[in-house]
There are 2 protein chains.
Amino acid sequence: MDLRIREHAEVLVDWSARVEPGDDVVVSVAEGAHELAVAVAEKLGERGANVVTTYASEEVSRAYLRAHDGEFDTAAHELALYENADSVLFLGGGRNTFATADVPGETRQAASRANQEVREARMDADWVSTVHPTRSLAQQAGMAVEQYREFVYDAVLRDWEALAEEMAKMKAILDEGSEVRLVKGGESASSATDLTMSIEGRTAVNSAASVAYDSHNLPSGEVFTAPYDPEGEVFFDVPMTLSGTRVRNVHLSFEDGEVVDYAAETGEDALGDILDTDEGARRLGELGIGMNRGIDRFTDNVLFDEKMGDTVHLAVGRAYDACLPEGEAGNDSAVHVDMITDVSEASRLEVDGEVVQRNGAFRWEDGFEE
Amino acid sequence: MDLRIREHAEVLVDWSARVEPGDDVVVSVAEGAHELAVAVAEKLGERGANVVTTYASEEVSRAYLRAHDGEFDTAAHELALYENADSVLFLGGGRNTFATADVPGETRQAASRANQEVREARMDADWVSTVHPTRSLAQQAGMAVEQYREFVYDAVLRDWEALAEEMAKMKAILDEGSEVRLVKGGESASSATDLTMSIEGRTAVNSAASVAYDSHNLPSGEVFTAPYDPEGEVFFDVPMTLSGTRVRNVHLSFEDGEVVDYAAETGEDALGDILDTDEGARRLGELGIGMNRGIDRFTDNVLFDEKMGDTVHLAVGRAYDACLPEGEAGNDSAVHVDMITDVSEASRLEVDGEVVQRNGAFRWEDGFEE
């Protein structure tokens with residue numbers, strides 16, 4: 001076994017999920033994640049945890065969903081499994097990113113609604129999502145599989161403790177700040193960014209790839225909060241796939257906190273569908289600052305793209321509870337869609353008028369220009 | 001997809017497990033059983049059942065067990081899953097029948113003991129075991145994979161209703177009987193069989209591959225009961241693999257209902273480990289008579305071998321509740337290990353002194369000699 005698979009398992013079990021002896025752990029194994037599952041099981045055995053492995057096959061799901069009449073129940077046995085779990089580890093890595101492409105949207109939505117209680121029970125556990133580098137994901141990323149393995153392990157096998165310390169600086173700035181301004185020069189007016197938003201009273205998450213930091217992705221490496229009342233223009237130049245459609249070069253105009261105009265070079269209809277989902281889909285749910293410098297290229301996979309150093313992302317839709325004051329509801333929506341902008345050049349991020357990041361460099365880094 | 005996979009799934013879901021709309025079903029998927037899992041999921045979707053798929057990877061188990069210190073707990077989340085399940089479908093079919101060969105016997109036994117409550121919850125559901133014909137199983141059987149597929153589907157895709165009617169005759173004989181004697185000539189004293197056991201008050205199961213018949217294997221095709229107080233010698237000449245070890249030509253001596261002496265030409269240590277699991281492991285749990293003539297050769301797989309016409313098997317360890325009078329506890333053990341003897345020649349099976357089967361032929365069959 002590639003030694004890096006064992007290191008990945010160790011980071012996942014010890015740093016990310018903080019598994020303790022006697023913990024009841026569910027390991028969800030995608031079709032292509034067998035080797036990582038073996039390494040994770042070894043680590044969980046060492047820790048003395050109790051393990052149930054589930055088979056998260058998209059081909060199995062597709063067959064089930066397409067054959068079903070659409071009147072889904074809550075699965076009592078699945079609910080009982082997750083209500084009794086301390087940790088849930090999702091080992092992604094399928095064999096075809098379009099494996100469920102021919103499942104009707106309404107079937108998907110009906111299943112998702114029936115599954116809400118199970119999903120909530122899962123999220124109440126210490127859950128962590130990661131991926132094993134499969135050929136299918138390499139293909140999505142436009143890479144050879146060996147090359148993609150390097151990419152994934154560069155992103156995952158980091159000094160998380162050191163990164164958490166660095167990210168704490170950004171969290172402190174956002175927690176103390178009231179207003180964020182993102183400015184970026186574009187080649188034309190429609191590709192320029194100048195957006196102001198409020199973060200007063202909101203709490204940033206130091207997303208250091210560990211449940212101990214309210215962070216549930218491995219890799220992670222971003223600091224995010226829940227902004228509101230955006231005003232201005234923003235341009236997202238990082239390509240993405242939304243509901244199976246390629247979307248590129250998105251421009252959004254905000255007035256009074258809402259998207260009032262939008263455009264995209266490709267995939268404008270898919271973008272429009274998302275913005276029309278509900279009222280909250282036109283408001284902001286997240287501002288995130290990518291700080292994982294182990295990720296050095298875009299791979300059309302949000303788990304990696306949004307964490308990349310030299311990027312900032314915003315999400316329309318639902319805000320995360322962890323960013324909100326106790327008992328306060330943030331922006332609500334059925335969607336949460338991240339869009340990313342490259343800030344490596346001609347850009348600055350200001351908090352209350354002070355530049356925190358310029359051309360990708362943070363103010364505590366060498367090469368930062370006030 | 002091979003159409004026989006869909007037929008297999010249909011027999012499993014409808015004839016064997018009798019799945020109804022709204023049932024909570026666990027599907028346990030071995031490493032090589034993906035295609036059957038897809039077909040079963042499709043059928044379960046059609047029936048409107050709720051499905052959790054578990055990943056029954058022996059490589060994952062091996063890694064976990066070898067890394068563990070051996071102090072196993074009952075897994076509360078796994079117990080909750082099975083306590084809330086209506087049906088459990090085990091789709092066997094691994095990629096290496098020796099995948100757990102290097103797990104120490106004592107680790108295996110400790111895990112098995114800790115798992116007893118979970119196992120009982122699973123057995124309380126409508127469970128069915130079957131296998132998908134993988135290359136590994138073909139290899140174990142000494143066949144090409146296409147040839148092995150023919151073998152499996154010949155055994156599985158039968159007229160189960162007709163076989164159930166024939167087996168009802170054997171069940172009636174055993175239900176009315178008090179004492180069974182199995183006699184078989186061997187080349188030497190140590191390879192001869194003359195074993196007497198009581199079946200008074202016990203109920204035989206017409207194992208017609210359906211939970212409606214208290215039968216939990218697909219294929220099945222045996223009639224079995226729970227004998228006790230065995231006395232005498234028995235020789236098992238059908239080779240088998242126990243806990244990853246080849247075991248061949250087993251001889252057991254019973255006195256006062258317990259194994260007092262044992263030997264095996266190969267694999268004697270593995271046999272000893274099993275007999276030493278607990279007190280019940282030295283007593284009988286089952287007497288079974290193979291009646292599936294769709295199975296025409298030994299394949300080193302107990303699921304098939306014990307059902308083959310012209311064979312009789314005994315299990316040490318746990319007795320099945322279905323064979324016991326209401327409220328009476330039968331032999332209890334963490335293990336249940338079947339051992340098979342070929343009765344096609346020089347053999348007779350007597351119930352209360354009357355010959356029921358001689359040289360493989362049943363008394364209602366052509367060619368039977370009183």
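The values are calculated or read from the model by the stated rules, or taken from the named source; none is laboratory data. All of these numbers come straight from a predicted model, not from anything done at the bench. Glycine also receives a Cβ, built like all others from the backbone with ideal geometry; neighbour counts cover every protein chain displayed. Just so you know, the surface numbers come from the protein's heavy atoms only, side chains and all, with ligands and any DNA or RNA stripped out. Shrake-Rupley method; radii C 1.70, N 1.55, O 1.52, S 1.80 Å.
Things to note:
- Scope segment B:217-263; condition under 20 Å from residue B:320 (Cβ atoms), of a type in the set (Val, Ile, Thr) and surrounded by fewer than 19 Cβ atoms within 10 Å (Cβ to Cβ); matching residues: B:259
Table: residues versus (1) in contact with a strand residue (DSSP E or B) (Cβ under 8 Å, 6 or more places away or on another chain); (2) of a type outside the set (A, V, I, L, M, F, W, C); (3) not assigned by TED's automatic domain parsing to the domain that holds residue B:124.
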| site | (1), (2), (3) |
| --- | --- |
| B:277 | yes, yes, yes |
| B:288 | yes, yes, yes |
| B:309 | yes, yes, yes |
| B:316 | yes, no, yes |
| B:321 | no, yes, yes |
| B:324 | no, no, yes |
| B:329 | no, no, yes |
| B:335 | yes, no, yes |
| B:339 | yes, no, yes |
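- Test: residue in segment B:35-52 that is buried (at least 23 other Cβ atoms within 10 Å of the Cβ) and under 23 Å from residue B:105 (Cβ atoms): no
- Verdict on residue A:3 being under 29 Å from residue A:148 (Cα atoms), touching a residue at least 40 places away in the same chain (Cβ under 8 Å) and more than 10 Å from every other protein chain (Cβ to nearest Cβ): no
- The test for being open to solvent by 30 Å² or more (accessible area, probe 1.4 Å), modelled with pLDDT of 95 or more and more than 8 Å from chain A (Cβ to nearest Cβ) holds for residue B:14.
- Within segment A:127-138, the set of residues being in contact (Cβ under 8 Å) with a residue 40 or more places away in the chain and under 20 Å from the mean Cα position of the chain (by Cα) comprises A:127, A:128, A:129, A:130, A:131, A:132, A:133, A:134, A:136, A:137.
For every residue, the table says whether it meets (1) closer than 29 Å to residue B:346 by Cβ; (2) open to solvent by less than 40 Å² (accessible area, probe 1.4 Å); (3) in contact with a Lys or Arg (Cβ under 6 Å, 6 or more places away or on another chain); (4) not assigned by TED's automatic domain parsing to the domain that holds residue B:14.
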| site | (1), (2), (3), (4) |
| --- | --- |
| B:143 | yes, yes, no, no |
| B:149 | no, no, no, no |
| B:170 | yes, yes, no, yes |
| B:182 | yes, yes, no, yes |
| B:187 | yes, no, no, yes |
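- Within segment A:203-216, considering residues that are in contact (Cβ under 8 Å) with a residue 60 or more places away in the chain and in contact with a helix residue (DSSP H, G or I) (Cβ under 6 Å, 6 or more places away or on another chain), the one most open to solvent (accessible area, probe 1.4 Å): A:214
- Qualifying residue in segment B:118-126 (condition: assigned to a strand (DSSP E or B) and in contact (Cβ under 8 Å) with a residue 40 or more places away in the chain): yes
- Of the criteria (1) without any contact (Cβ under 8 Å) to a residue 60 or more places away in the chain; (2) open to solvent by less than 30 Å² (accessible area, probe 1.4 Å); (3) more than 20 Å from residue A:147 (Cα to Cα), which one residue A:279 fails: (2)
- Residue within segment B:299-314 that is hydroxyl-bearing (Ser, Thr, Tyr) and either without any contact (Cβ under 8 Å) to a residue 40 or more places away in the chain or at positive phi (or both) present: no
- In segment A:311-327, residue modelled with the lowest pLDDT [restricted to those that are assigned to a loop (DSSP other than H, G, I, E, B) and open to solvent by less than 90 Å² (accessible area, probe 1.4 Å)]: A:327
- Qualifying positions in segment A:331-370 - in contact with a helix residue (DSSP H, G or I) (Cβ under 8 Å, 6 or more places away or on another chain) and open to solvent by less than 60 Å² (accessible area, probe 1.4 Å): A:331, A:333, A:335, A:337, A:338, A:340, A:351, A:356, A:362
- Among the candidates B:248, B:181, B:158, residue that is over 19 Å from the mean Cα position of the chain (by Cα) and of a type in the set (Lys, Arg): B:181
- Residues (more than 20 Å from residue A:65 (Cα to Cα) and in a loop (DSSP other than H, G, I, E, B)) located in segment A:86-110: A:86, A:93
- Residue that is farthest from the other protein chains (Cβ to nearest Cβ) [pool: residues in segment B:21-65 that are in a loop (DSSP other than H, G, I, E, B) and within 17 Å of residue A:33 (Cα to Cα)]: B:32
- Only a single item in (1) more than 7 Å from chain B (Cβ to nearest Cβ); (2) in contact with a helix residue (DSSP H, G or I) (Cβ under 8 Å, 6 or more places away or on another chain); (3) on the phi < 0 side of the Ramachandran plot; (4) among the small types (Gly, Ala, Ser) is not met by residue A:105, and it is number (2).
- Positions within segment B:66-102 being among the aliphatic types (A, V, I, L, M), open to solvent by 40 Å² or more (accessible area, probe 1.4 Å) and at the interface with chain A (Cβ under 7 Å from one of its Cβ atoms), in sequence order: B:76
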